[in-house]
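Notes follow the structure.
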Amino acid sequence: MENTSITQLVESWINVTPDVRFREAPEGKKQAVARGNMLGSDTSDPDSEGSAIYTESQNLPTAVASILSHVQDRADFHPTSLSTEQLAVYFQDYIKEVDKTPFFALFKNEKTKSKYESKNYNVLIDQIVSLYEGISKSDENAMKESISNMAKSVFSKETKEDWKNIFSQSTIDMSNPLQPRIFIYYTTLHMKYVKGKSEVNLQEFEVNRTEYVILPDLIRAYANKLTALDKKSVDDWMGDATSPERKGAKLCFDPLATSYA
């Protein structure tokens, strides 16, 4: 069996689209919402084009946003256009494609399980945000707001049935330019209702925390090949990676509260 070179892996990742056929959403009560965000500063020059996007260190945020956008295309994972039920079907393809990206190296993969009986979703949000290490207070508040906005996509939906909800949060972390990272956090929340009532009886959740190191040297080395990707700014990517909120949705908590009931 011939050894596959890194160049061949990169070319395949860029040019060969996986055979992902459109799938019908299953009948089960399962839905997913997604959100893209960034920590730190976007230093990219908006006028940069071509190989400069991938060779100039200041443009790394745009380079990573363009790579992540390609990941979504490979998985047919499009939060802006798919229903929450259909997004749940394509979610596993997205996770696999992130892991296959040659410009990210897996650094950490952890899982946390818990459950509580409460209508106060601050408990869930606090658990997720606490897993982010070393972020500033302003970034912490931004993460809480981001998660609450995802919640508005599903929790405002009146139901009397049990649901499995997946919150997928993809984060470009440039807070330390010398250690750029990607976080993929997804929380699976099982909501169990009192029979015949729109009232949550028990919530069980599992938080999956995956951290990847971005490989700027490899990105620079294959800059000419990466020019085949569509350029995406961080703002473009965040828009494409984020599920729309339900209009008029309200939650039972203040996402920026400092104490929880």
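Values computed for the structure shown
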item	result
Count of region 37-61 residues which are open to solvent by 40 Å² or more (accessible area, probe 1.4 Å), over 16 Å from residue 176 (Cα atoms) and touching a residue at least 12 places away in the same chain (Cβ under 8 Å)	5
Test: residue 47 is within 30 Å of residue 129 (Cβ to Cβ), assigned to a loop (DSSP other than H, G, I, E, B), modelled with pLDDT of 90 or more and not polar (S, T, N, Q)	no
Unmet criterion (only one of (1) in contact with an Asp or Glu (Cβ under 7 Å, 6 or more places away or on another chain); (2) in a helix (DSSP H, G or I); (3) at pLDDT below 80) for residue 115	(2)
Selected residue (criterion: farthest from the chain's Cα centre (by Cα)) from residues of region 1-36 that are at pLDDT 90 or above and surrounded by 17 or more Cβ atoms within 10 Å (Cβ to Cβ)	10
Filtered residues of region 62-83 (kept if surrounded by 22 or more Cβ atoms within 10 Å (Cβ to Cβ), farther than 15 Å from residue 225 by Cβ and either touching a residue at least 60 places away in the same chain (Cβ under 8 Å) or of a type in the set (Gly, Ala, Ser) (or both))	62, 64, 65, 68, 72, 79
Subset of region 203-251 (residues that are open to solvent by 50 Å² or more (accessible area, probe 1.4 Å) and at pLDDT below 95)	204, 244, 245, 246, 247, 248, 250
Residue ID - nearest to residue 40 (Cα to Cα), chosen from residues in region 121-149 that are modelled with pLDDT of 70 or more and of a type in the set (Ser, Thr, Tyr)	138
Only listed residue being of a type in the set (A, V, I, L, M, F, W, C) and assigned to a loop (DSSP other than H, G, I, E, B), chosen from 107, 91, 77	77
Residue in region 153-163 that is modelled with pLDDT under 75, crowded, with 18+ Cβ neighbours inside 10 Å and of a type in the set (Gly, Ala, Ser) present	yes
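The values are calculated or read from the model by the stated rules, or taken from the named source; none is laboratory data. Values in this document were obtained by computation on a predicted structure and should not be read as measured data. Ideal geometry is used to build each Cβ from the backbone, glycine not excepted, and the neighbour counts take in all protein chains shown. Note: accessible area is taken over every heavy atom of the protein model, side chains too, but ligands, DNA and RNA are not part of it. Shrake-Rupley method; radii C 1.70, N 1.55, O 1.52, S 1.80 Å.
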